[in-house]
C-alpha cells in the first residue's frame, strides 16, 4: 500500500512539473519581442549606469577611438549618424559567419550566429533618436531571428544559407545606419542564390567567395557596391 | 510480486489524476485584426492551403483534436503549439513590420520547399494538412513573391 501511494505521488508530481512548462501559453508576438529587445538588454543595469556616469564615451569595451575616428574621417556624416551605435563587433561576427559558409563550415557558422546574438544585447543604441531607435529595433529583431536560426542549425548548411539572405540585408541596413566599423565593405551579389532570385552578402574582399554555394560555386557573383570606411 | 502489482495500479491511478491537469487551450473562432489570411494578397487557393496546413499550430485559431484532452498527449501538443506560435503567429501577422513580414514569408517558403514544414509527424495524422508537390511549388512561389512585395525598397 505504501508502494502504491509513493508511486502514484511520484508520477503525479513528475507529470505536473511537465505540465507547468507546457501550460505557459503566453504568446510572444513579434511586437512584444521588438519592444522587449532593448529594455531586456542591461544585465547589470546598475553597472552600466555607473559606467556611463564615469565615462560617457565608452561603449561596452569597444574602444571609443573607433567611433571618434569615423566621425573625424568623414565630415559629410550627419549628426544623426555621428550619434549612431557601434556595430563593429556585430559586423565582425557577420564576416566570420559569412566566411564560414564560403568554406562550407556549418559548425563555425553556427558558432558565429550565436556570437552575433550575444553581441547584439551588448550594443548601446540609447543615443539614437526615437525614429532611428524604431528602425534599429526592427532590424535587430530580424537579425536576431536569422542569426539565432543559423546558430541552431549546425547540422543543416542549406538552412543556414537560407537565413543568410535576410541576415545580410539586415547587416547591410545596420551598416547604412552606423557605418562599417572601420572597414571597407563590398556588397556582393550572386544571381543564382535565394531560389534563383539572387542574393547579396557583404565582404571585406573584392575577390568573390560565394557564401551561398561555398566550394560548389565559389567564384559565382560580382561586386555591386562599396561601403568605404 | 505484490510490489509490481502495486506500481502498476499506482501508474493507472496516476493516469486518471493526470487528466485533471489540462493545458490551457486558445482557439478563437474569428480572425484577429492582423490575420494573415485577411491581409495577404496571395491567391485564395494558396490561402486555403495555408489555412489547412499551418493554422493549427501557427495561429490562435487552433482546432484541438479529441486526443488533446488525453494527458500527457495534450501537454505534448500544447508544447508544440506554443513553440509554433512563438516562431510564427499568423493571427498577428499584419502587426509585424514589412521587414519582419518578408522574413517570415521567406522562412515559410523555405520551410515548405525543404519539406521541413508541415511537420511529418503532424501530417501523418492530419491528412488534410498534407501538401502535394505541385501545391508546394505554387505555394512557395507565391510566398516568395509576396515577400518581395514587402521588400520593395531598392535594396
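Read the figures in this text as sums done on the coordinates, not as results from a lab. Nothing here was measured: the structure is a model prediction, and the numbers come from that model. Heads up, the Cβs are rebuilt from the backbone with ideal geometry, glycines too, and the neighbour counts pull from every protein chain shown.
Dividing the summed -39500 (n - 2.57) terms of all DSSP H runs of n ≥ 4 by the residue count of chain B sets its mean residue ellipticity at 222 nm at -18000 deg cm²/dmol. Per-residue packing, averaged as other Cβ atoms within 10 Å, sorts the ranges A:184-196, A:119-131 into the order A:184-196, A:119-131, beginning with the highest. When the square roots of the Cα gyration tensor eigenvalues are ordered a ≥ b ≥ c, the ratio a/c for the stretch A:109-229 is 1.5 or more and a/b does not exceed b/c, which makes its shape oblate. Rounded, prolate or oblate for the stretch B:1-67? Axes are the square roots of the Cα gyration tensor eigenvalues, ordered a ≥ b ≥ c, and the cut-off for rounded is a/c under 1.5. Prolate shape, in that a/c is at least 1.5 and a/b is the bigger ratio. Relative contact order of the stretch A:121-228: what whole-number percent is it, with Cα pairs under 8 angstrom and at least 6 residues apart? After rounding, I find 22 percent.
I need the shape label for the stretch A:185-229. Rule: rounded when a/c is under 1.5, else prolate if a/b > b/c, else oblate, with a, b, c from the alpha carbon gyration tensor. In terms of gyration-tensor shape, oblate. For chain B, the alpha carbon convex hull comes to 137 Å³ per residue, rounded to a whole number. Taking the C-alpha atoms only, the angle from helix B:98-113 to the longest principal axis of chain B is near 70 degrees. Protection proxy ranking of A:150-159, B:48-57, by the mean of other Cβ atoms within 10 Å over each peptide's residues and highest first, is B:48-57, A:150-159. Extents of the stretch B:105-155, taken as max minus min of Cα coordinates on every principal axis and listed largest first, are 44, 17, 15 Å. Mean sequence separation of contacting Cα pairs (under 8 Å, at least six apart), scaled by the length of chain B, corresponds to a relative contact order of 27 percent. Over the Cα atoms of the stretch A:89-149, the radius of gyration divided by the Kirkwood radius equals 1.05; this is the Rg/Rh ratio. Peptide A:142-150 shows a mean partner chain C-beta count of 2 within 10 Å per residue C-beta.
A quarter of the convex hull surface defined by the alpha-carbon atoms of the stretch B:85-133 gives 4.0 nm² as the mean projection.
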